[in-house]
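First the structure, in the form of structure tokens, and then the observations on it.
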Amino acid sequence: MITEHAAEQWDLELDDLFVTIGHRFGRVELRRRMRDYVRGLLAPVARKNSWQLAEQAGHSTPDGLQHLLAGAKWESDEVRDDVQKYVADKLGEDGGVLIIDDTGFIKKGTTSAGVQRQYSGTAGRTENCQIGVFAAYASVKGRALVDRELYLPKSWAEDRERCRAARVSDDREFATKGELARRMVLRALASPLPIAWVTADSAYGQESRFRRLLEQSGIGYVLAVPKSQFSVGCPRIEGLFAQAPDEAWEKISCGNGAKGPRVYHWAAVRLPAVAEFDYQGEVPYRMRWALARRSISKPDEIAYYLAYAPLETTVQELVRIAGTRWAIEECFQAAKNECCAGQGRRAGQRPSHFTVTARGRLRADLGPSPHTRGTVRWDVGPHAQVGVIPASTGCGAARWYCPQRHLGTGPDSHTPYRHELPRPYPAGS
């Protein structure tokens with residue numbers, strides 16, 4: 001139950017956000033309408049269209065709010081920049097995670113920008129909808145949406161008259177979701193947000209250009225990939241983990257969910273280094289990993305990940321980063337359920353970036369990473385020395401290190417893992 005004190009604190013925080021972005025609205029009446037609009041979105045209004053939001057704010061007609069969204073002079077990208085600084089001040093941590101994902105907004109008409117029949121992961125089927133690619137920032141302090149791009153299908157990008165009718169600028173060209181994601185990553189890295197990691201689902205993780213951008217930027221990642229994903233030294237990542245012995249799988253929580261810790265079986269594999277990105281001179285400073293997450297109740301359900309991380313990173317930390325991806329789903333749920341994001345907006349109205357962040361900016365804590373015991377590690381490469389198993393899948397021999405059995409890295413041991421880096425591969429392999 002929300003106490004009176006908590007409500008007052010929330011109101012003060014909201015006023016703080018209004019002060020942060022208010023200078024982007026040149027006239028006092030625009031600033032007032034912006035405040036009324038955001039407060040209306042956060043209010044218990046049944047349907048968040050301009051008529052009901054205007055009524056909530058005490059306006060006689062919705063004209064003022066409609067003008068704010070469709071006709072007034074203000075730049076949503078400038079508001080986004082202010083929001084990123086605000087989130088950096090409130091939630092910024094050195095180990096911050098940038099999360100990339102897309103979501104769909106179901107529509108009944110055909111005039112909203114970018115709407116067409118297309119697959120929506122939100123609905124799990126093809127629907128008449130808009131697709132937005134989003135970025136969220138998460139740390140131990142909380143999570144918030146910090147950027148967005150509307151996906152404009154080719155059918156729209158090639159129809160300039162239709163774009164003009166929906167107030168899509170003439171310089172807007174077709175871009176894939178992966179290209180939109182890379183733009184947002186670059187903007188986030190140029191912002192005050194302290195970002196150490198990026199995570200995303202397999203739609204983005206499978207793109208080599210997306211991973212290469214992060215490596216060139218010196219940013220660690222844990223990215224989901226499909227089971228057919230190629231990895232260095234192995235044609236399919238599922239073949240890599242088909243070799244894993246039983247002791248390579250260990251129960252680890254990747255974070256807390258609505259029903260408590262999200263516990264899966266996890267296995268981790270060291271991958272060969274790439275000389276161009278993983279070494280500084282002759283000294284290695286980054287490691288590559290492949291991870292697999294297996295359902296405990298349904299062992300046939302396995303998700304795969306590629307990771308790029310500093311040398312000192314533990315498998316538990318990689319698992320925690322992988323689990324952080326759920327934070328953006330919680331942001332989507334809050335935005336759609338409580339702000340009704342995507343509802344009631346006319347063609348030509350701009351998606352207001354401060355709307356989503358106003359609700360999602362200080363959500364519940366992510367909590368500290370769980371302290372669990374060392375995971376069994378098994379490496380792939382030409383130097384297998386411990387526990388070699390046959391290369392039955394064309395992926396080369398695999399070796400693993402059992403923490404308690406081989407090198408004494410149990411809970412009471414101070415002996416670290418022995419890191420034998422595989423021979424570096426050239427960047428093009």
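The values are calculated or read from the model by the stated rules, or taken from the named source; none is laboratory data. Predicted model, so just to flag it, every value in this text is computed and none were measured. Neighbour counts run over all protein chains shown; Cβ positions are idealised from the backbone, glycine included. These accessible areas exclude ligands, DNA and RNA; they are computed on the full protein's heavy atoms, side chains included. Shrake-Rupley method; radii C 1.70, N 1.55, O 1.52, S 1.80 Å.
Within region 224-261, being open to solvent by 40 Å² or more (accessible area, probe 1.4 Å), part of a helix (DSSP H, G or I) and in contact with a strand residue (DSSP E or B) (Cβ under 8 Å, 6 or more places away or on another chain) holds for 238, 247. When only residues in region 53-63 that are touching a residue at least 12 places away in the same chain (Cβ under 8 Å) and not small (Gly, Ala, Ser) count, which is most open to solvent (accessible area, probe 1.4 Å)? Looking at the filtered set, the residue picked out is 56. For region 189-207, filtering for residues that are charged (D, E, K, R) and over 12 Å from residue 325 (Cβ atoms) leaves 1. Any residue at all in region 349-357 that's at pLDDT 90 or above and open to solvent by less than 10 Å² (accessible area, probe 1.4 Å)? Scanning region 349-357, I find no residue that is at pLDDT 90 or above and open to solvent by less than 10 Å² (accessible area, probe 1.4 Å), so the answer is no. Of all the residues in region 20-36, those that are under 14 Å from residue 78 (Cα atoms) and either out of contact with any helix residue (DSSP H, G or I) (no Cβ under 6 Å at 6 or more places or on another chain) or assigned to a loop (DSSP other than H, G, I, E, B) (or both) number 4.
Of the residues making up region 146-155, at least one is among the acidic types (Asp, Glu) and surrounded by 18 or more Cβ atoms within 10 Å (Cβ to Cβ). Evaluate region 187-208: report whether one residue or more is modelled with pLDDT of 95 or more, surrounded by 15 or more Cβ atoms within 10 Å (Cβ to Cβ), basic (Lys, Arg) and touching a Leu at 6+ places or on another chain (Cβ under 7 Å). No; the residues of region 187-208 include none that is modelled with pLDDT of 95 or more, surrounded by 15 or more Cβ atoms within 10 Å (Cβ to Cβ), basic (Lys, Arg) and touching a Leu at 6+ places or on another chain (Cβ under 7 Å).
A quick yes/no check of all residues on (1) out of contact with any strand residue (DSSP E or B) (no Cβ under 7 Å at 6 or more places or on another chain); (2) surrounded by fewer than 22 Cβ atoms within 10 Å (Cβ to Cβ); (3) closer than 24 Å to residue 320 by Cβ:
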position	(1), (2), (3)
100	no, no, yes
103	no, no, yes
106	no, yes, no
110	yes, yes, no
118	no, yes, no
122	no, yes, no
131	no, no, no
136	no, no, yes
142	yes, yes, yes
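Condition check for residue 307 on (1) part of a strand (DSSP E or B); (2) at pLDDT below 95; (3) within 19 Å of the chain's Cα centre (by Cα): one failure, at (2).
Look at (1) open to solvent by 10 Å² or more (accessible area, probe 1.4 Å); (2) modelled with pLDDT under 95 and you find that residue 182 fails only one, number (2).
Which residue is nearest to residue 230 (Cα to Cα), if the candidates are limited to region 262-305 and must be among the aromatic types (Phe, Trp, Tyr) and open to solvent by less than 10 Å² (accessible area, probe 1.4 Å)? So the residue we want is 289. Would a scan of region 64-85 turn up a residue that is open to solvent by 60 Å² or more (accessible area, probe 1.4 Å), farther than 27 Å from residue 113 by Cα and in a helix (DSSP H, G or I)? Checked region 64-85: at least one residue is open to solvent by 60 Å² or more (accessible area, probe 1.4 Å), farther than 27 Å from residue 113 by Cα and in a helix (DSSP H, G or I). Of all residue pairs spaced 6 or more apart or on separate chains, those with beta-carbon atoms under 7 Å, a first member in region 37-51 that is under 22 Å from residue 72 (Cα atoms) and a second member that is of a type in the set (Ser, Thr, Tyr) and part of a helix (DSSP H, G or I) are 38/355; 41/355.
Among the conditions (1) touching a residue at least 12 places away in the same chain (Cβ under 8 Å); (2) over 19 Å from residue 99 (Cα atoms); (3) hydrophobic (A, V, I, L, M, F, W, C), the only one that residue 283 does not satisfy is (1).
Test residue 113 against the stated conditions and say whether it is over 30 Å from residue 140 (Cβ atoms) and more than 25 Å from the chain's Cα centre (by Cα). Spelling it out, it is not the case that residue 113 is over 30 Å from residue 140 (Cβ atoms) and more than 25 Å from the chain's Cα centre (by Cα).
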